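Some notes on the structure that comes next.
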Amino acid sequence: MAEPIVEVRNLRKTYGDKIAVDDVSFAVQPGEIFGILGPNGAGKTTSVETLAGLRHADGGTVRVLGIDPQRHPERVREHLGVQLQEAALHDKITVGEALRLFASFYPDPADVDELTRMLDLTEHTGQQFAKLSGGQKQRLSIALALVGNPKVAILDELTTGLDPQARRSTWDLVERVRNSGVTILLVTHFMDEAERLCDRLVVIDRGRVVAEGTPDGLIDDLDDERTVVVRFATEDTGRARALLADLADRHPDVYRTGDAGERRIAVTGSRRVLLAVVPALAEADVVPDDVATVSRSLEDVFLAVTGRTYDPQELTEGARS
């Protein structure tokens, strides 16, 4: 395996007597989209701002391309692009003016015209920042993070406040940026965003890493329980409910049943629960209108490792996002 392009070991950051980041460690490989996932206030932004040399760590070590950003922030900034959650520009600056201004800060900037084409901003280069849509502002923010030709880009909560279509377009854009050769640290509190984009990720809760791995790997490592939701015609629902409750009492692969909404019954069991439910219904000549397996997600991972449901808007006392 290649040497990590970003390495964080035992990072700690406090604000007075409040711990924002508590012994966080992770490593990012070249070419990855690496996620830092957790609810608001978990310590995500503090962690990446320390990586960028914008905050001073109280403990641990941080390396970007082998450089310590705490000691040499100016050397790191040559190779690091940052799109921060609360970044904003003057209302009257145009897209083209902002890109040319930021490009002037670097000895070898990216080609501005090529960048605007990649980020679908060519038609908006003369438009003022205040008149851009939310999705256009996010694309500009990403363009500004990339204008210095960075090897690593930090994208912090880049789809917050966007409508579903703009979010999906932004996701496609992030993948295009990675495919251009940029390693990405994606900071997000959206589970679906992390599942869609990240090659690997850490889940941070209350300043600590509580899970690490690929999205699929973390989900597959959950316990073996599976749930099937079966929908029946109105006249069959009562009979089906009794049949499946009896199946839960006598079949080793069926653990329990529950109400899943109008005419729907949830059946939970082992990985083989579907193979128990379907033959039992067929034998009793009860034909369902619909059968669906319930997908596990990173929310289930969060519940398993923390013991509570995932609330993306949760603000942890004393922590910063």
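Summary of computed values
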item: Cβ crowding within 10 Å averaged over residues, with 224-231, 281-288 ranked highest first; result: 224-231, 281-288
item: Residue-by-residue Karplus 3J(HN,Hα) for the range 49-58, coefficients 6.51, -1.76, 1.60, Hz, glycine and proline x; result: 5, 5, 4, 7, x, 8, 9, 9, 6, 8
item: Residues whose placed amide H lies under 5 Å from that of GLY59, excluding near-sequence neighbours; result: ARG12
item: Radius of gyration and maximum dimension Dmax of the range 217-321, Cα, Å; result: 16.9, 58
item: The chain: C-alpha gyration tensor shape, a/c 1.5 cut-off, then a/b vs b/c; result: prolate
item: ³J(HN,Hα), Karplus 6.51/-1.76/1.60, whole Hz, each residue of the range 189-202, x for Gly, Pro; result: 10, 9, 4, 5, 5, 5, 5, 6, 9, 7, 6, 9, 7, 10
item: Stretchable slack from ALA245 to ARG75, in nm (0.36 nm times residue separation minus alpha-carbon distance); result: 54.7 nm
item: Rounded to 10°, Cα long-axis angle of helix 164-179 versus longest principal axis of the chain; result: 60 degrees
item: Nearest 10 degrees, 0 to 90: helix 273-283 Cα axis against the chain principal axis; result: 30 degrees
item: Footprinting exposure proxy for THR183, THR268 (fewest neighbouring C-beta atoms within 10 Å first); result: THR268, THR183
item: Dipole magnitude of the range 84-205, debye to nearest 20 (Cβ charges: Lys/Arg +1, Asp/Glu -1, about Cα centre); result: 160 debye
item: Amide H contacts under 5 Å for GLU32, placed H, 5+ residues apart; result: ILE184
item: Local electrostatic count, ARG271, Cβ distance below 9 Å [Lys/Arg +1, Asp/Glu -1]; result: -1
item: Distance between the range 184-215 and the range 63-78 - C-alpha centres, whole angstrom; result: 23 Å
item: Rounded tilt (10° steps) of 234-250 against the dominant C-alpha axis of the chain; result: 90 degrees
item: Considering only the range 114-211, percent of DSSP beta bridges that pair antiparallel, nearest 5; result: 40 percent
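Any read-out appearing in this document is the output of simple, stated calculations on the displayed coordinates, not a laboratory observation. These numbers were taken from a predicted model, which means no experiment stands behind them. FYI the Cβ positions are ideal-geometry reconstructions off the backbone, even for glycines, and counts take in every protein chain you see.
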